[in-house]
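To start, the structure under review is shown below, and the notes come after it.
Nothing in this text is a laboratory measurement; each read-out follows from the coordinates by a stated rule. No experiment lies behind these values; they were computed from the predicted model shown. No Cβ is skipped: glycine too gets one built from the backbone with ideal geometry, and neighbour counts run over all protein chains shown.
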Amino acid sequence: MTREQILETIREEIATQRAAAESERDPVERERILRHARIREDVAEDEAEAIEAEIAENQQSALSLRVPTSLVNKLKARAEAERIPTSALVRRLLTEAMELHPGASALTAEQVEQVEQIARRVYRESA
């Protein structure tokens, strides 16, 4: 759901609140509903942004990988020191690494070339 769609939904909810206020007979209750609608209008942009961020954060997939035991131990110790789950620490570290170095590769150009040569050789031999 895009921010614009979220904002439109919020605006529809505000319009529903205003309609409810118009049909309210009690003037105190009517003013309370209208005041709530005005407040909601004032923060609609921020609310939409927060909802969009929450949706993006909640769209996650599982990833299973094998790493050296020594690395697992270090990750667990660091997560314990920060008092967060190990998975949350790994998620944060991976996110930070991808944001700081989006085009980074664990392999050097020479290593990539070697892997490609091996792949071509395996392809030729299997044909």
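Structure data summary
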item	result
Single unsatisfied condition, THR16 versus (1) assigned to a helix (DSSP H, G or I); (2) among the β-branched types (Val, Ile, Thr); (3) without any contact (Cβ under 8 Å) to a residue 12 or more places away in the chain; (4) within 30 Å of ARG91 (Cα to Cα)	(4)
All positions within the range 19-40 that are farther than 26 Å from ILE51 by Cα and either exposed (fewer than 12 other Cβ atoms within 10 Å of the Cβ) or in contact (Cβ under 8 Å) with a residue 24 or more places away in the chain (or both)	GLU22, SER23, ARG25, ASP26, PRO27, VAL28
SER87, sole failed condition from (1) part of a helix (DSSP H, G or I); (2) polar (S, T, N, Q); (3) loosely packed, with under 10 Cβ neighbours inside 10 Å	(3)
Filtered residues of the range 11-37 (kept if closer than 25 Å to MET1 by Cβ and of a type outside the set (Gly, Ala, Ser))	ARG11, GLU12, GLU13, ILE14, THR16, GLN17, ARG18, HIS36
Filtered residues of the range 90-112 (kept if in a helix (DSSP H, G or I) and surrounded by fewer than 10 Cβ atoms within 10 Å (Cβ to Cβ))	GLU99, LEU100, ALA109, GLU110
Residue check for GLU52: of a type in the set (D, E, K, R), in a helix (DSSP H, G or I) and loosely packed, with under 13 Cβ neighbours inside 10 Å	no
Qualifying residue in the range 57-69 (condition: assigned to a helix (DSSP H, G or I) and either surrounded by 10 or more Cβ atoms within 10 Å (Cβ to Cβ) or touching a residue at least 40 places away in the same chain (Cβ under 8 Å) (or both))	no
